[in-house]
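What follows is one structure encoded as structure tokens, with my remarks underneath.
The values are calculated or read from the model by the stated rules, or taken from the named source; none is laboratory data. All of these numbers come straight from a predicted model, not from anything done at the bench. Cβ placement follows ideal geometry from the backbone for every residue including glycine, while neighbour counts extend to all protein chains displayed. Heavy atoms of the whole protein, side chains included, go into the accessibility calculation; ligands, DNA and RNA do not. Shrake-Rupley method; radii C 1.70, N 1.55, O 1.52, S 1.80 Å.
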Amino acid sequence: MTLAEMIAASNAPAVLVRRDLHRHPETAFLEYRTASRIAAYLDHLGFAVRTGREVMDYDAVIDPPPAGQVADARRAALAAGGDPAWMERMPDGLTGIVADYRFGEGPVVAFRFDMDALPVSETEAAEHRPNAEDYRSRFAGRMHACGHDGHVGIGLALARRLSREKGLSGTLRLIFQPAEESARGAAPMVAGGAVEGVDHLFVGHLGCLLPSGKIGASAVGFLFSSRFVVTFRGAVAHAAMGPQEGRNALLAGAAAALGLHGISRFAGAETFVNVGMLTAGTAFNIVADICEMLVEVRADDRAAHDYMVERLRAVIEGAAAMQQCDVEIVRKSHMPGNENSWDAAELIAEVARGLPGVTEVLPEWSIGGGDDACLMIRRVRENGGSAAYCIIGSDIPAVHHAADFDIDEASLETGVALFAGVAQRLLGPQGGR
């Protein structure tokens, strides 16, 4: 069934969409089923829908998926109910969507929703609600473990509600972004013009340790971060007959991993480092000649972030020199910090205070991580608009990215009502603030 057919028979469209996506999670730039079904539904509602190269600059994509991965993802999406016509408009993993609903003259009010999942295997525990209620991931090794399925549910329910509104003016723009988890999706959308002409932009995230019934009007604590792929290259040799002829890339990588986690902290700032993957070697008795590492550094301050990057390079290059290995360090993503517009955050707070079921509105709440939507927020503000990122409280049984992560689905309607209220204020008769 299409989303239009499913939603027409539902009294809880946000929950229905969320569960449909939870069953079919897709990762960075491979969100073909997700994106094509979103595009088809928005087109059904009367939105002017753009996708693919219309809204994404391929030259700005860091580490695009190989053609084989894209082909496999498209086949899997078709088998699971993806829309073939819309998928044809999304070449090379360019799955981003920008959909406009024009009511008339007036401001452009935009909302961004991320739609990618994670390479996480969902728990098989019987008490996990997606298992108990039969909407667990159908795709092995992939899971919506951060709430992006709920974000899309909010976005499409918002589209349905506002497209039926009377008396609005201006333009409603909905942005559905791929590859947020790898911090690679926003930059090509910004470069592709997705937020050009936007007067007001709003982004929200479910959970982030904020309980249900609460709204964090301004998300703070966005970390500066950089991610790197590191490749050590040495020389193979027999581990017993001629180890002196080898140059051990595995030992270089292991020394680097330990050294990175031992980088001195930076006074007055929060800093983080994580080696997320280290792979090397082929056999018991062969000196490893290749070692690959994924590593990221984060900080809540630009100077501290730059210090972490400087020390990262020194540690890695030193470890390579110890084993007489060559090393390549490639930055795969960078996220700056974020600064919200005070007026946009205050509007979120004003609307939230009037919503049923909202028990507390907090002026600020720390996201405790990052989101490349900050690039969109920055661009809108540079162009003279206002923009803010908020947190929609949702009880969660486990931390984000865990195998037993879940959300309180009652919070979806809170998110829809919050964003609908914001849009109505800005697009209504007294809109524009």
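Here are a few things to note about the model shown:
- Of the beta bridges in the chain, as assigned by DSSP with both residues counted there, near 65 percent are antiparallel.
- Residues whose amide H lies under 5 Å from that of residue 399, counting only those 5 or more places away or on a different chain, are absent; hydrogens are built 1.01 Å from N in the peptide plane.
- Calculated on the Cα set of the range 278-349, radius of gyration then Dmax: 19.3, 65 Å.
- For residue 171, the residues 5 or more places off, or on other chains, whose built amide H falls under 5 Å of its own are 103, 108, 109.
- Helix 342-353 and the long axis of the chain differ in direction by around 60°, with both axes built from C-alpha atoms.
- J(HN,Hα) series, the range 65-79, from Karplus relation 6.51 cos²θ - 1.76 cosθ + 1.60, nearest Hz, glycine and proline x: x, x, 4, x, 5, 4, 4, 4, 5, 5, 5, 5, 5, 4, 5
- The orientation-averaged projection of the convex hull spanning the C-alpha atoms of the range 118-232 amounts to 11.8 square nanometres.
- The residues of the chain expose on average 40 square angstrom of accessible surface per residue, using a 1.4 Å probe on protein heavy atoms.
- Among the protein heavy atoms of the range 68-117, carbon and sulfur supply 52% of the accessible surface, probe 1.4 Å, non-protein parts ignored.
- Simple point charges give the picture: +1 on the Cβ of Lys and Arg, -1 on the Cβ of Asp and Glu, and for the range 1-78 a dipole about the Cα centre of about 320 debye.
- Relative contact order for the chain: 21 percent, from Cα pairs under 8 Å spaced at least 6 residues apart, divided by residue count.
- Kirkwood hydrodynamic radius of the chain, from inverse mean 1/r over distinct Cα pairs, in Å: 22.7
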